[in-house]
Number of protein chains: 4
Amino acid sequence: MKRVGIIGVSGYTGVELVKILLNHPEFELSYLAATSEGKIDEIFPQLSGVCELKVEVANAKTASLRCDLVFLALPHEKGMEFASEILSFGTTKVVDLSADYRLSLELYEKNYTTHQDKKNLASAVYGLPELHRKRIKTTNLVANPGCYPTCSILAILPFLPFLDTKFGVMIDAKSGVSGAGKSLKQTSHFVNVNENINAYSPLSHRHADEIKEQISLAKKEPISTLFVPHLVPLTRGMLVSVFGVLNEKIDELEVLREFYKDEKFVRVRNEPVQVKNVVGTNFCDIFVKKLDGKIWVNSAIDNLLRGASSQAVINANLMCGFDEGLGIPNLAYGI
Amino acid sequence: MKRVGIIGVSGYTGVELVKILLNHPEFELSYLAATSEGKIDEIFPQLSGVCELKVEVANAKTASLRCDLVFLALPHEKGMEFASEILSFGTTKVVDLSADYRLSLELYEKNYTTHQDKKNLASAVYGLPELHRKRIKTTNLVANPGCYPTCSILAILPFLPFLDTKFGVMIDAKSGVSGAGKSLKQTSHFVNVNENINAYSPLSHRHADEIKEQISLAKKEPISTLFVPHLVPLTRGMLVSVFGVLNEKIDELEVLREFYKDEKFVRVRNEPVQVKNVVGTNFCDIFVKKLDGKIWVNSAIDNLLRGASSQAVINANLMCGFDEGLGIPNLAYGI
Amino acid sequence: MKRVGIIGVSGYTGVELVKILLNHPEFELSYLAATSEGKIDEIFPQLSGVCELKVEVANAKTASLRCDLVFLALPHEKGMEFASEILSFGTTKVVDLSADYRLSLELYEKNYTTHQDKKNLASAVYGLPELHRKRIKTTNLVANPGCYPTCSILAILPFLPFLDTKFGVMIDAKSGVSGAGKSLKQTSHFVNVNENINAYSPLSHRHADEIKEQISLAKKEPISTLFVPHLVPLTRGMLVSVFGVLNEKIDELEVLREFYKDEKFVRVRNEPVQVKNVVGTNFCDIFVKKLDGKIWVNSAIDNLLRGASSQAVINANLMCGFDEGLGIPNLAYGI
Amino acid sequence: MKRVGIIGVSGYTGVELVKILLNHPEFELSYLAATSEGKIDEIFPQLSGVCELKVEVANAKTASLRCDLVFLALPHEKGMEFASEILSFGTTKVVDLSADYRLSLELYEKNYTTHQDKKNLASAVYGLPELHRKRIKTTNLVANPGCYPTCSILAILPFLPFLDTKFGVMIDAKSGVSGAGKSLKQTSHFVNVNENINAYSPLSHRHADEIKEQISLAKKEPISTLFVPHLVPLTRGMLVSVFGVLNEKIDELEVLREFYKDEKFVRVRNEPVQVKNVVGTNFCDIFVKKLDGKIWVNSAIDNLLRGASSQAVINANLMCGFDEGLGIPNLAYGI
């Protein structure tokens, strides 16, 4: 048993981590922290009678003493603040769910703020298992990918060799409202979301550069990336359309199947994917179809699980030498 | 390990049984049946990569040979048809999720149809563990309660000694649409449900007599029962208001706490209950408040789990001598 | 043409007033005011190209100079502040949508705060046309009823002569989220509302006393009132169940029909009412059924229209000597 | 006053036509027909107390005798059956909401079935006012555009001169469930739609050829068109993303504004469009943004109004010599 902690347990990804870890055979929840103290079932009354652990005021030193591995479910800036201190003690591993270690320094500072931990940024591993599994196994710091990037990159990767780079990719993404977090905003007010859909931050969302950087690195040349996210009236789930131009004839479904044939958490589908088949799980479902020398790739994930918390536990499994699927949810809520 | 089967696996309660049993440490799914054959992940694509068991055409003999216990997730009439045959072979236990063994003969025939298995009807046990735990442990046939009755009876039971019988109970219940099943009806069409609420079968729903009979038996005198169910725009979840007149002064919250103090799957709340705290679990959350010598009791369950499939597995656990909480879901979907 | 103004135009009831008044043949919008200035289509982009009136900083003097009648779409306390000043100038009528003039002094101060305009409180008319039409026609100040009271009182009135007063009424009400207003609260966050239902302020909501006072006045004796409101996942619409004990045998549907036979905006239904048939209109749909000497009355309204803005315009029509149905919306959004 | 009729009044577009025409100052509803007889408020109980017109069994002769203009709110095949007969009598105009006259013969027969009225097909006018206003004014037969084509073509038209034809357009469209009609299908069952999103008929939907044909005609060269429609959990509303490659530098927002500067029912927006601002109206809201020499155009309509019934009434206005905006809804349901 490894002792694990969660800093930032009061948000949506925090509680999802708690739920996964409560049923995990090799991880033991030994530290829960947030900005103020209390009990986890007071913050999340659904946990009453199931988990009544104390939540402490977050402290990096305590976390490193009490945990073999810490999940940081924090906003950006806070992620690097805690990660740098925890890692400085030398014994505790970190899976950071914030954006702080996902990008190169240049793109990070363009999209977020001045970086305060350049040393660890240089060595952090981008935690998309299908892309960097080997390096994840040996690192002490994983940058857990964003939800949109996870869903988009998994759709694009199999087709990178066949995509016209000059044209690049055009991504139309749709997310449930939990992706916007628990804080109060007009855009999360029920009356604004219900019976509505709209794009936001089109062609300028921070996740665009995260996608672009990862696929450009994989392809070893820059790929133009247009990214338009939408808010849709559902609590969780994410659906992505990627459009691209092919530079050669391919059997697109065969390419997809071959690419993911050994992957446990990517399911290739024979028809358009449905959010309800993945919500509650770590699966990424993918479908693809071509016309007129162009392709449309279609992927779906649970934004809070594969897009955050269950992927973080997979990274933790890999970092600790466990089977990557250990304790990972695979039964969708959908009926 | 006990071998269990499900007949009628293609409906909502069928797939929920599959999901629970896949993670159950002492039950092994050895038989899935429906009206036509196929594979379970073809009927429920969310199970792809997780469970690919064959679904066979339902046959009572086969079921009894291959299973120690069979769940019948069937409509009424079909329940008794299979139960009577399976029980006739003498070795296999049955948990029937249909309405066929829930009522006395008289009320059954008033509300449903002519009963075809009066012998087993006489000995079947009404599977509400909080009410009949002892008898469930020794029976071969459990009649799994309806969803509305489960949620209503659990709210009423603690207050039975203090309720004015002449006045009785007035129940306003709200259910998610999964309660109406998978078949196509105008009343389940998205456009009719979304941005709508309405009562249906008011004062004449079949579950009214199920509630009335159980609470009258418990109280040992007839209790007038007005029951009004509503359809609300959510997939799963059920919320109940019970109004009654008190015949003596009580500390209502204390009565409630005391009554359920040893129950693992009833949670007494300090404020109104929320459907989102129970959906995905077997919990029944209950709150109560009084005014002017009257009380309002407020309960919530997941209509497909505590109202059907997880309660059925609890009954199976009891019938097989296991701890009743073994393998029972307790982590809500809500965040 | 009468010149009308709206103070507090930036909220939900404000914009609904604008929409109704834009199509009203005898009212001309001559003054829009809120806490800060701007243009109405900047606050409500859906009005772009339709109404581009200026919104001014609210001022009672200006309102009284520019308007024959002013609608106050304000929170309590603010209502009486503006109403008292506008009425002091002597020429402008007021329809107040806040709670400030709805209750007797005693109940107002119990439920809200110290009253600052006792003089006008004494003469204000409770603006439920079916109850006080005659007095509305001659007053200068109408207290526009709350949404829950409108829907509940209209359900109860026809049965007042036949209700057991000692038992009184038990009301289970369900409201869309727009009823909670535009301000940001955890309870209006999409993730908390969607796939959820819950009661709030049970047996203690301010509208309970408003209902109780009006029906007690109508019956001329105090009537015990238990009132439990619920939040349901829809933007607008309200549904009410009233339970009561009958003190004599009646043909309940006939009583209902007879009572409302001359009313244009109450529709008696032959089956349970549906929110979707009234949203977008001023209609109150009502159905009733009895069992065991008790009745269940079932009513539905649009909480923002019959529960606020369209009822306010009906009151304005009556106060100005117009036909009460002039310009009142009667086509439901539902399909 | 012109006398107008609706054949196929029992569907969603039928009832929306009724609602618009009831408030139209120059059209009088003189004939309602469907496959069986009844009263309109029995089919649509929300019309009770508002419109109680008889619905007759559809007959082309009767329609032509009783109406100056007939709306056909019918499925394909039925549209041409009635249109050809009504037009043969020589005096009554037709607005056909089915697909029967929208496409060239070749594309019609590829996508639908054998055409039975080639003569009228040759002379029918595609009823998108912004594109064919002049011809609509003088025709006797308008083919009312599909919902997806209306929303997509209006987004594409202003940019046609600047689009790289070889690349063409990639369209990701999202529609509310009313677009799928009133008939019962698994894909319209609440449980399948709620908390879900998915594409359907990707790259093969019938509306793809309708879009492609209209924009190719306007550009006078064939334009590759990838079209992917999605079902989203809302009753009405449609949102479209169009991606394209620019062949020259443009001020994209300025191009858009200039193109639609004289259009009453297209609103150019400064930020991403929202479905809730157009639902309930005939408006098409459009926004555009460019990056890396590519553009994203973003449009929204009410699928049942601008995408069907209100656009049909605009066409009728034009055919009858009225102002095209007469009686057309412009106040959104959104708040």
* Across 20 Å bins from 0, what is the distribution of all Cα-Cα pair distances for chain B, in whole percents? -> 32, 59, 8
* Could you pull the accessible area for residue B:206 with a 1.4 Å probe, rounded to 10 Å²? => 100 Å²
* **Per-residue HN-Hα couplings for region D:232-245 [Karplus 6.51, -1.76, 1.60; θ = phi - 60°; Hz; x = Gly/Pro]** => 10, x, 8, 6, 9, x, 8, 10, 10, 10, 10, 10, x, 9
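So what's the protein assembly as shown giving for Cα Rg divided by 2.2 N^0.38 Å, two decimals?
Working: Rg = 31.7 Å, N = 1340, 2.2 N^0.38 = 33.9 Å.
Dividing the Cα radius of gyration by 2.2 N^0.38 Å gives 0.93.
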* Find the centroid of the Cα atoms in region D:143-193 and in region B:143-183, then give the distance between the two in whole Å. => 45 Å
* **Accessible area in square angstrom per residue, chain C, 1.4 angstrom probe** => 33 Å²
* Asked: Using θ = phi - 60° and the Karplus curve 6.51 cos²θ - 1.76 cosθ + 1.60, what whole-Hz ³J(HN,Hα) does each residue of region A:193-201 get, with Gly and Pro shown as x?
  -> 9, 4, 6, 8, 8, 6, 7, 8, 6
* Ordering C:67, C:147 by how much accessible area each has at a 1.4 Å probe, largest first, what is the list? -> C:147, C:67
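In the structure displayed, which of D:182/D:276; D:166/D:294; B:264/B:289; A:290/D:219 lie more than 20 Å apart, Cα to Cα?
Distance filter (> 20 Å) returns D:182/D:276; B:264/B:289; A:290/D:219.
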* To do: May I ask for the net charge around residue C:158, where only other residues with Cβ less than 11 Å from the Cβ of residue C:158 are counted and Lys, Arg are +1 while Asp, Glu are -1?
  => -3
* Using amide H atoms built 1.01 Å from N in the peptide plane, name the residues 5+ places from residue B:6, or on other chains, whose amide H lies under 5 Å from its own. => B:31, B:32, B:33, B:71
* Asked: Each residue of region D:180-185 in order: what ³J(HN,Hα) in whole Hz does its phi give by Karplus 6.51 cos²θ - 1.76 cosθ + 1.60, θ = phi - 60°, with x for Gly and Pro?
  -> 8, x, 8, 6, 7, 9
* Structure fact -> Along principal axes, largest first, the alpha-carbon spread of region A:53-135 in whole Å comes out as 37, 29, 23
* Structure fact -> For residue C:118, counting only lysines whose alpha-carbon sits under 24 Å away and dropping same-chain residues fewer than eight positions off, the answer is C:61, C:78, C:93, C:110, C:134, C:137, C:212, C:220
* Run through the other copies and list how far each one's label point is from that of residue D:122, in nm with one decimal, shortest first; the point sits 7 Å from Cα along Cα-Cβ. => 7.8, 8.4, 8.6
* Hey, for residue B:135 with labels 7 Å out along Cα-Cβ, what do the inter-copy distances come to in nm, ordered shortest first? -> 5.8, 6.6, 7.8
* Could you check the simple spin-label distance between residue B:104 and residue D:271, using points 7 Å along Cα→Cβ, in nm with one decimal? => 6.5 nm
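Provide the net charge surrounding residue C:335, with neighbours chosen by a C-beta distance below 10 Å and charges set as Lys +1, Arg +1, Asp -1, Glu -1.
Details: positive: C:276, D:19, D:182, D:236; negative: D:16.
Overall, the nearby charge balance is +3.
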* **Centroid-to-centroid separation of region A:196-228 and region C:77-136 [C-alpha atoms, Å]** => 56 Å
* Would you mind listing the distances between the residue A:23 label point and the same position in each other copy? Use 7 Å along Cα-to-C-beta, nm, one decimal, shortest first. => 0.1, 5.0, 5.0
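Local charge sum around residue B:230 (other residues, Cβ-Cβ under 13 Å, Lys/Arg +1, Asp/Glu -1)? Write down the numbers at each step before the final one.
Working: positive: B:174, C:174; negative: B:172, C:172.
After counting each charged neighbour, the total is 0.
Let's see if you can work this out: charge +1 on each Lys and Arg Cβ, -1 on each Asp and Glu Cβ, no other charges. What is the dipole magnitude of region C:1-124 about its Cα centre, in debye to the nearest 20?
Numbers: 13 positive and 17 negative charges, 48 e Å.
Charge dipole of region C:1-124: 240 debye, to the nearest 20.
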* Within chain D, which DSSP H helices have Cα atoms that stretch 27 Å or more along the helix axis and a mean Kyte-Doolittle hydropathy of at least 1.0? -> none
* Of all the residues in chain B, which one has the C-beta that comes nearest the axis relating B to C, and what is the distance in Å? -> B:172, 2
* Near the amide H of residue D:126, under 5 Å away, which other amide H atoms are found, from residues 5 or more places off or on another chain, if H is placed in the peptide plane? -> D:143
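Using a Förster distance of 30 Å, how high is the FRET efficiency between residue B:26 and residue B:262, based on the Cβ-Cβ distance and rounded to 0.05? Intermediate results must be reported in sequence, preceding the final value.
Numbers: r = 23 Å, r/R0 = 0.76.
Taking R0 as 30 Å, the efficiency between residue B:26 and residue B:262 is 0.85.
Averaged over D:168-180, how many beta carbons belonging to a partner chain fall within 10 Å of each residue's beta carbon? Can you show the working numbers first?
On the way: counts 2, 1, 8, 3, 11, 1, 6, 1, 5, 4, 4, 1, 3.
Neighbouring Cβ atoms belonging to other protein chains average 4 per residue here.
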* Asked: Kirkwood Rh over Cα pairs of region A:148-301 into Stokes-Einstein at 20 °C, 1.002 mPa s: D in µm²/s?
  -> 134 µm²/s
* List the residues whose amide H sits under 5 Å from the amide H of residue D:39, counting only those 5 or more places along or on another chain, with H placed 1.01 Å from N in the peptide plane. => D:55
* Structure fact -> From the Cα centre of region A:229-253 to that of region A:284-335, the distance in Å is 14 Å
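The values are calculated or read from the model by the stated rules, or taken from the named source; none is laboratory data. These figures come from a predicted structure and were not determined experimentally. So basically every Cβ, Gly included, is an ideal-geometry build from the backbone, and we count neighbours across all protein chains shown. The protein model used for the area step is the full one, side chains on, heavy atoms only, and it has no ligands, DNA or RNA in it. Shrake-Rupley method; radii C 1.70, N 1.55, O 1.52, S 1.80 Å.
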